[in-house]
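Encoded as structure tokens, the structure appears first; notes follow it.
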Amino acid sequence: MLRLIALRLAMSVPVVLVVVTLVFLLVRLTGDPATVLAGDLASPEVIAAITAQLGLDKSLPHQYGIWIFDLLRGDFGVSIASHQSVIGEIVGRLEPTLVLATASIIVTVALAVPMGVIAARRHNSWADRLLMLFSVLGFSIPGFVLAYIFILCFSLWLDLLPVQGYVSPFDDPWGSLRHLVLPTLTLSVFFMSLIARVARASILEILSEDFVRTARAKGVPERVILWKHALRNAAIPIVTVIGIGIGMLISGVVVTESVFNLPGVGRLTIDAILARDYPVVQGVIIFFSLAYVSINLLIDIAYILIDPRIRY
């Protein structure tokens, strides 16, 4: 097991290197960052000063070497807007993003898998059709539209939950929970729909297998067949789509944090883009990319734990 995990970690290194290289090239291929930062009315002297400050007057391979060396030292550069280190900016915004992402993952998995199991067990019943209707609606409504619908219903009409803002769970757990409900639901609905549909389809396929018919013939209770045998054998595609969903959820954090005014990494991304703070933009892109790579690694490890026959 440890050898496989170490091998998988080693395979992630080239992926991370490709991502970092693409970020470096994309920022420079979209135009001269110094000209963009200086603005349309800036004089050539101002543009030259910014170019020298950012090290853009050096050759591209030289810039790339410095970029990689600094990254290996954990130096993501300095924010042009705040003059703080980029890594410090990201770490300072990490708590709201982690709290929101964790809450959304827990809610999504805790509700979506049972929904898929119940829909498969009650195939073609009213419960199955109701859950599939929810799934279709969850796919169809964009996240930002859903966010405004939630705000309109639960904050403005019913006055049950705050419209926006963030409260740390370490300072006020109840207040934090109230502020998290709407952004968590906004993020969860789409992925809940996706995971529930995949879980339903996978379990329906397993329930038609010969070993399930044999278990029923032997008198094994239906709940044991469903939750122990069928769900375990359907786990691989469900875990796969959960991994994909978590990866997409991370990108969804950017929009959700903006709508609900949460001071997380997603909001930092929007602020950095609007301020043309390109060192921060580079830093958050690498942060989200590393998060994707880490999730894929965890999913691969989960495959090995679920089915030890899987090898890489």
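Looking at (1) at pLDDT 75 or above; (2) of a type in the set (Gly, Ala, Ser); (3) within 15 Å of the chain's Cα centre (by Cα), find the lone condition where residue 251 falls short.
Result: residue 251 passes all but (1).
Can you name the residue in the range 130-147 that is surrounded by 12 or more Cβ atoms within 10 Å (Cβ to Cβ) and of a type outside the set (A, V, I, L, M) and, of all such residues, is modelled with the highest pLDDT?
It comes out as 134.
When you check residue 199 against the structure, is it surrounded by 22 or more Cβ atoms within 10 Å (Cβ to Cβ) and at pLDDT below 80, yes or no?
no
Just the residues that are in a loop (DSSP other than H, G, I, E, B) and closer than 21 Å to residue 254 by Cβ, please, taken from the range 138-164.
Within the range 138-164, 141, 142, 162, 163, 164 meet the criteria.
Out of 197, 216, report the one residue that is of a type in the set (D, E, K, R) and farther than 22 Å from residue 244 by Cα.
Values: 197 fails: farther than 22 Å from residue 244 by Cα.
Checking each option against the conditions leaves just 216.
Looking at residue 177, is it surrounded by 14 or more Cβ atoms within 10 Å (Cβ to Cβ) and closer than 17 Å to residue 98 by Cα?
Numbers: surrounded by 14 or more Cβ atoms within 10 Å (Cβ to Cβ): yes; closer than 17 Å to residue 98 by Cα: yes.
It is true that residue 177 is surrounded by 14 or more Cβ atoms within 10 Å (Cβ to Cβ) and closer than 17 Å to residue 98 by Cα.
Taking only the range 120-129 into account, find how many residues are part of a helix (DSSP H, G or I) and open to solvent by less than 70 Å² (accessible area, probe 1.4 Å).
3
If you scan the range 165-184, which residues turn out to be assigned to a loop (DSSP other than H, G, I, E, B) and either hydroxyl-bearing (Ser, Thr, Tyr) or within 12 Å of residue 150 (Cα to Cα) (or both)?
Once the filter is applied, which keeps residues that are assigned to a loop (DSSP other than H, G, I, E, B) and either hydroxyl-bearing (Ser, Thr, Tyr) or within 12 Å of residue 150 (Cα to Cα) (or both), the range 165-184 yields 166, 168.
The values are calculated or read from the model by the stated rules, or taken from the named source; none is laboratory data. Note that the coordinates shown come from a computational prediction; the quantities given were computed from them, not determined experimentally. Methodologically, a virtual Cβ is constructed for each residue, glycine included, from the backbone with ideal geometry; neighbour enumeration extends over all protein chains shown. Keep in mind that these areas ignore ligands, DNA and RNA; they rest on the heavy atoms of the full protein, side chains included. Shrake-Rupley method; radii C 1.70, N 1.55, O 1.52, S 1.80 Å.
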